[in-house]
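Read through the structure below, which is laid out as C-alpha cells, and then see the notes.
Coordinate-derived values only; no laboratory data. Just so you know, these numbers come straight off a predicted model, no measurement behind them. Note that we place each Cβ from the backbone using ideal geometry, even for glycine, and neighbour counts take in every protein chain shown.
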Amino acid sequence: MLAFVSLDIGEALGLHLAMQWVSDMQLDNIDFEVDSKTTKDGIYFGREDISDLGNIITASRTLLFSKFVNSRVEFVRRQANAVAHTLAGEITFLANHVTYFTIPKCIETLIINDML
C-alpha cells in the first residue's frame, strides 16, 4: 500500500532516518543538508509541538545533540541540491534499501559538472 505524507513530514522523516543510519555507522562530523527551512529551523529554534512533524523534529533534535558532537543541519535551496533530488527520484523505482559504494549512473554527470 502506498502512503502519502506532506512534504514537511517527508523531509523531516528523511533527515531523521539519515541521522539514525549515520549514528548506526558511528560516524561524526556530518553536515546534514535539508531543503526544508521548516525542518532546519525546527531543529534549532523549535518550540513545543505535539504534531507529527513536531514529534519527528524533536526526535531528530535529540539525536543530533546527543550523538553528533561536531555535526549540524543546514538549509540548502532545492535548486542547489540537484544530486539529492535526482537520487530521491530514483529511489521510487527501487524495491529495497540500497547502499551505493560507487557513484550511481543517475548522478554521475551532475557530480562531475559540480567538480568542474
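List of remarks:
- Going from the residue with the fewest nearby Cβ atoms within 10 Å to the one with the most, 66, 71 rank 66, 71.
- Computed from backbone phi with θ = phi - 60° and the Karplus coefficients 6.51, -1.76 and 1.60, the 3J(HN,Hα) list for the range 17-33 is 5, 5, 5, 4, 4, 5, 4, 4, 7, 6, 9, 9, 6, 10, 9, 8, 10 Hz; x is used for glycine and proline.
- Förster radius 35 Å - calculated FRET efficiency between residue 83 and residue 62 (Cβ-Cβ, nearest 0.05): 0.80
- For residue 102 and residue 51, the FRET efficiency from 1/(1 + (r/R0)^6), where r spans their Cβ atoms and R0 equals 30 Å, is about 0.15.
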